[in-house]
Structures are given as C-alpha cells and as structure tokens.
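Heads up: the structure comes next, in structure tokens.
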Amino acid sequence: MALLSILDREHSIAGEHYSRWLVPPAALAIHLSIGQVYAFSVFNLPLSHAIGIKDSAPGDWKLSTIGWLFSVAIVFLGVSAALFGRWLEHAGPREAMFVSALCFGGGFEVGALGVATHQFWLVLLGYGVLGGIGLGIGYISPVSTLIKWFPDRPGMATGLAIMGFGGGAMIASPLSTMLMSHFRSPTSTGVAPTFAAMGLLYFLFMMFGVFTVRVPRRDWQPPGWQRSEKSRPLVTTGNVTADRAITTPQFWLLWAVLCLNVTAGIGVLGQASPMIQEMFSGSISANAAAGFVGLLSLANMGGRFVWSSFSDYIGRKGVYATFFLLGAALYAVVPSTGRAGNVVLFVAGYVVIISMYGGGFATIPAYLRDLFGTVQVGAIHGRLLTAWSTAGVLGPVLVNYIREYQIVHGVAKADAYTTTMHIMAALLVVGFICNLLVKPVDDRHLTTEQPAASTAALA
Amino acid sequence: MSATHSSGNRSHRRGASIGLAVRVAAAWGLVGVPLAWGVWQVFQKSLDLFR
C-alpha cells in the first residue's frame with residue numbers, strides 16, 4: 001500500500017523545478033492510448049474468422065455480435081466517467097491514470113484470453129467492460145489538472161489532451177494491422193497475441209503519463225499572469241459542486257449542446273465511406289473512400305486543438321455559436337456539391353463539419369470551468385459525458401433509419417443522404433438556441449469548498 | 001567567497017533549467033513521434049482521394 005501512496009494527490013504536487021508543459025504530454029499519453037477505441041473496427045473481420053481463419057466457419061462470431069464490443073466499451077466509458085468523477089477529484093490525476101492504465105491494458109489481456117479460448121463473454125468482459133472503465137476514467141483524468149495548470153489558456157490545454165483521443169485511432173489502426181500481420185499463421189488470425197501485445201504497450205505508454213503528471217500547489221499561478229479583474233460574461237469567480245451543478249439549467253443546456261453537436265457529427269462519421277462512394281458513384285473507389293475517412297479523422301483531431309484554443313480568444317459561447325450556425329449552413333449546402341460532382345468542395349465541407357465535431361468535445365471542459373469553476377470540473381465533465389453516450393446511439397440510429405425509410409419509399413441512394421443532412425442541420429439550429437440560452441450560474445449555487453489540492457504543500 | 005557561492009548557484013540554476021528543457025522536449029517527442037507517424041499514414045492513404 002505504501003508503494004501505491006506515491007500515486008495519491010499529496011505525493012503528486014509539483015516541486016519548484018517542474019514545468020507545466022510536461023502536463024500536456026502526460027495527458028496525451030493517456031488520450032492517445034485510449035483513443036484506440038475508435039480503431040477497433042480493424043479487428044471486426046479477423047474476429048469473425050477466428051475459427052475459419054480465411055472465411056467464417058460454423059461457430060465463428062457474427063459481425064453483429066462483435067459490434068457489441070465497441071458499443072459496450074462506449075457505454076462503460078460514459079457510465080464510469082459519470083460515476084468516478086468525484087473520486088478522481090479526491091484521488092488526483094496520477095492515481096486515476098494508473099487505474100485507467102490497469103483497466104485499459106488489463107482489458108486487452110483479458111480480451112486476448114477470450115479470443116484465444118474463443119469465449120465471447122470473456123472478450124466482452126475484458127475489452128468492453130474493463131476496457132470501457134479504463135476509457136472513462138482515462139478520458140476525464142487529466143482535464144481538471146490541465147485547467148488548473150493553464151488558467152490563462154484552459155481551452156488550448158484541454159484541446160491538446162482531448163486531441164489525443166481523436167489521434168489515437170491513427171496510431172492504433174496501422175499498428176494493429178502490422179501486429180496482426182506479424183502474428184498471423186495458417187492456424188491463427190493473430191488477434192489474440194495482438195491484443196496481448198497492445199495491452200502491454202498501452203500500459204507502458206500510459207505509465208509515462210502516470211509518472212510525469214503533477215498537480216500544482218494551491219497558490220500556484222503562471223509566472224507574470226494576473227487573474228483578470230474585469231469580469232467576463234459567463235465566467236464565474238466561484239465554484240459549484242458536481243451534485244449542485246446537475247440541478248442547474250446551465251448543466252442541462254450544455255448537455256443538450258454537446259449531445260446535438262455530437263449527434264450531427266457521429267452520424268456523418270459512421271456513414272462517411274458509403275456516403276462518398278454512393279454520392280460519387282463510379283468515380284470514388286473503396287480505397288479513396290478510406291482516404292476520405294482518414295481525412296475526417298485528421299479533421300476530428302485538428303479541430304479539437306484549433307477550435308478549443310480559439311475559444312480562449314472569442315469565448316466558449318461564441319465558438320459553439322459558430323459550430324451550430326456554420327455547421328447548419330454546411331449540412332444544408334454540402335449535399336448539393338455532391339450532386340454537382342465537385343469532390344474537393346464536398347470533402348472540404350465535411351472536413352470543416354468534422355473539425356467542429358471534435359472541437360465540441362475539446363471546448364466543453366473549458367465551458368464547464370467558466371460556468372462552474374475548477375473545484376469539481378472533472379466530476380462535472382464526467383457527468384456531462386453521458387450526453388456523448390446518448391448521441392452515440394442517437395446519431396447512427398437517426399442517419400440509418402431515415403436513410404432506409406427513404407430508400408424503401410423509392411428515393412435514390414445518392415439522394416437519400418440529402419434529407420438526413422437537412423435533419424442534422426435542423427438539430428444544429430436547436431443546439432444554437434440551447435447555447436444562446438446559457439446564462440451565468442446563479443450565486444446561490446456557489447460553494448465554499450476549496451480545490452482538493454496540495455494541503456501538504458501549504459503546510 | 002560569496003561571489004563564488006553566487007556564481008555556483010547561477011550555474012546550478014542554469015544546469016537545472018537546461019535539464020528541465022531537455023525533459024520537456026523528450027516528453028513531447030515521446031508522444032509526438034507516434035502521433036506524427038499516425039498522421040503520415042493517414043495522409044498517405046488520403047492521397048488516393050485526389051488521384
């Protein structure tokens with residue numbers, strides 16, 4: 001237990017010779033690892049051939065069954081972020097990152113055992129449940145620490161970390177393919193040893209984050225920085241607890257803002273490959289469509305950093321207003337560039353749309369900090385992420401069902417996307433109204449509780 | 001004696017500051033290199049779109 005005490009908040013307080021610029025790479029190590037979840041689909045086909053190797057054989061898992069692994073992981077991400085947020089504020093980022101690494105890396109190892117013995121429940125328990133808990137705790141673990149280290153640029157700081165979640169898939173996808181090729185044999189698809197190797201690699205990489213992150217002393221401020229005396233609209237000077245925050249209309253307005261922004265984006269991401277192939281039938285190959293999906297991943301990652309950094313200058317409300325207005329306009333217009341056969345404009349339109357999808361994720365922690373203060377911003381962020389889980393179901397369901405309904409009623413496949421995109425534009429208009437309604441939090445919600453940092457350092 | 005002590009302090013501070021800069025650069029390199037590799041892989045694939 002004494003060994004584990006080095007992970008707690010009191011033992012993570014930064015000394016004099018520590019640079020705050022070490023915190024973003026520590027956070028990135030966590031987010032780049034857990035971002036692997038977005039690349040899980042590379043395992044779908046090999047997992048469905050685990051017995052037959054080249055093709056599916058009797059007893060092999062169906063693709064629809066394997067799809068549950070990703071869904072369960074995302075559900076557990078949302079649930080664990082909401083449940084463990086308050087514990088994280090108390091335990092500190094280092095302990096939370098360590099638990100996240102154990103769960104995420106361990107989840108891969110349990111999953112490897114499940115694949116090797118062909119026990120689906122074991123894979124579900126490992127990657128879905130254990131891995132999903134690792135995802136949730138890991139996702140929120142560095143957020144409040146970054147906000148405390150960068151009071152002058154909270155949007156940029158959280159954008160840097162959350163950018164890693166978007167970029168993780170870019171590393172995981174080619175890495176998984178390479179490892180599976182290496183371990184493949186006439187009697188194995190190579191998934192089980194790939195899972196085992198990735199679990200170990202990610203655990204070690206996350207340990208770098210665990211031992212690099214530090215929390216600032218309570219009285220610490222960036223050298224030369226003075227908290228602005230001039231009050232800024234929406235930015236609170238007090239703090240609100242997580243329990244109290246969820247009773248405020250501001251929390252639920254932001255919940256709707258995140259949910260609507262993600263619903264619109266996730267719908268496009270899930271359909272990107274078939275959409276571009278059907279809209280430019282005959283001129284876009286499956287390989288080129290994969291390139292389109294890759295560009296959207298880049299936009300998703302870049303948007304997280306660029307938009308959240310921009311929010312430090314124009315404010316969070318201004319950035320979300322831009323997302324919703326520009327997004328609605330683009331969703332309404334971009335399908336017509338497809339009908340006109342203009343690939344470049346079509347791709348550019350969706351790149352901007354997906355950059356705003358990513359930007360929405362990265363800007364929300366700073367928005368929460370503006371409204372509710374820093375005391376329990378990690379816990380509040382965790383609870384808000386249930387909006388993501390909701391959107392994760394809502395977005396694909398909306399896109400798939402509307403499209404299928406239209407095709408059944410005789411609409412051409414290429415045209416079926418137009419109505420879907422117009423519905424997404426309408427959702428963004430609703431999001432714009434919710435964002436417009438966000439007002440400063442009433443003083444009666446403020447708490448006198450102090451940040452759970454560094455009492456030892458003050459002594 | 002005091003001048004020697006002060007100069008020793010300055011050099012110790014400079015050494016610590018260089019050490020910290022190296023540590024920060026190494027930390028960014030550790031996360032930046034795999035990320036850059038991933039971005040390059042995606043970029044190469046996306047070229048097919050405009051060929």
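Every number here is computed from the coordinates shown, using simple stated rules; none is lab data. Values in this document were obtained by computation on a predicted structure and should not be read as measured data. Positions of Cβ are backbone-derived with ideal geometry, glycine not excepted, and every protein chain shown enters the neighbour counts.
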Mean per-residue count of partner chain Cβ within 10 Å for A:28-36 equals 2
Exposure-ranked with fewest Cβ neighbours within 10 Å first, A:Ser283, A:Ser188 stand as A:Ser283, A:Ser188
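Based on the mean of other Cβ atoms within 10 Å per residue, sort peptides A:172-184, A:382-394 so the most packed one is first.
Values: A:172-184: 17.6, A:382-394: 21.6.
In decreasing order of mean packing, A:172-184, A:382-394 become A:382-394, A:172-184.
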Any residue on another chain or 5+ positions along whose placed amide H is under 5 Å from the amide H of A:Ile13 is listed here as A:Val215
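Just in region A:392-446: which trypsin sites (Lys or Arg not before Pro) are loop by DSSP and have at most 12 other Cβ atoms within 10 Å?
Listed in order of number, the matching sites amount to none.
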Pseudo-spin-label distance A:Asp415 to A:Ser56, built 7 Å along Cα→Cβ, given in nm, is 3.4 nm
Those chymotrypsin sites (Phe, Trp or Tyr not before Pro) from region A:250-307 that are DSSP loop and have at most 11 other Cβ neighbours within 10 Å turn out to be none
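Quick one: order A:Ile74, A:Ile433 by neighbouring beta-carbon count within 10 Å, fewest to most.
On the way: A:Ile74 21, A:Ile433 13.
Result, fewest neighbours first: A:Ile433, A:Ile74.
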Everything considered on the Cα gyration tensor (a ≥ b ≥ c; rounded for a/c under 1.5, else prolate if a/b is larger than b/c, else oblate), region A:290-344 must be described as oblate
With x for Gly and Pro, the residue-by-residue ³J(HN,Hα) of region A:398-414, computed from phi through the Karplus equation 6.51 cos²θ - 1.76 cosθ + 1.60 at θ = phi - 60° and given in whole Hz, is 4, 4, 5, 6, 5, 5, 4, 4, 5, 5, 4, 8, x, 7, 5, 3, 5
Looks like region A:56-113, by Cα gyration tensor root eigenvalues a ≥ b ≥ c and the a/c under 1.5 rounded cutoff (else prolate when a/b is bigger than b/c, oblate otherwise), is oblate
Karplus ³J(HN,Hα) for region A:196-211 (6.51 cos²θ - 1.76 cosθ + 1.60, θ = phi - 60°; Hz, whole; x = Gly/Pro) runs 4, 5, 5, x, 5, 4, 5, 4, 5, 5, 5, 5, 4, x, 4, 8
Length-normalised contact order of chain A, Cα under 8 Å, at least 6 apart, in percent, tallies to 25 percent
The size of the Cβ-based charge dipole (Lys, Arg +1; Asp, Glu -1) of the protein assembly as shown about the Cα centre, to the nearest 20 debye, is 900 debye
Mean per-residue count of partner chain Cβ within 10 Å for B:24-36 equals 6
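Sort A:Leu269, B:Leu35 so that the residue with the fewest other Cβ atoms within 10 Å of its own Cβ comes first and the one with the most comes last.
So the ranking, lowest neighbour count to highest, is B:Leu35, A:Leu269.
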Excluding residues fewer than 8 positions from A:Lys317 in its own chain, the lysines with Cα under 27 Å of it are A:Lys148, A:Lys230, A:Lys439
Among trypsin sites (Lys or Arg not before Pro) in region A:48-150, those in a DSSP loop whose Cβ has at most 13 other Cβ atoms within 10 Å are A:Lys54, A:Lys62
Taking placed amide H atoms and a strict 5 Å upper bound, the residues 5 or more places from A:Asn239 or on another chain that come that close are A:Thr447
Quick calc, region A:60-163, dipole around Cα centre from Cβ unit charges on Lys, Arg (+) and Asp, Glu (-), nearest 20 debye, gives 160 debye
Mean separation of Cα contacts under 8 Å (at least 6 apart) over the residue count of region A:7-136, i.e. the relative contact order in percent, is 30 percent
With -39,500 (n - 2.57) per DSSP H segment of 4 or more residues and division by the full residue count of chain A, the 222 nm estimate, nearest 500 deg cm²/dmol, is -23500 deg cm²/dmol
One computes Rg over Rh for region A:152-247 from alpha-carbon atoms, with the Kirkwood Rh, and obtains 1.19
note: region A:110-162, Cα-Cα separations exceeding 17 Å make up a percent value of 53 percent
A student applying the Cα gyration tensor rule (rounded when a/c is under 1.5; otherwise prolate if a/b is larger than b/c, oblate if not) would label region A:12-130 prolate
Per residue, the convex hull enclosing the Cα atoms of the protein assembly as shown spans a volume in Å³ of 174 Å³
In order over region A:330-340: 3J(HN,Hα) from phi, Karplus 6.51/-1.76/1.60, θ = phi - 60°, whole Hz, x for each Gly or Pro, gives 5, 4, 6, 9, 4, x, 6, 5, x, 5, 7
Check: C-alpha center region A:303-371 vs C-alpha center region A:236-301, spacing in Å is 9 Å
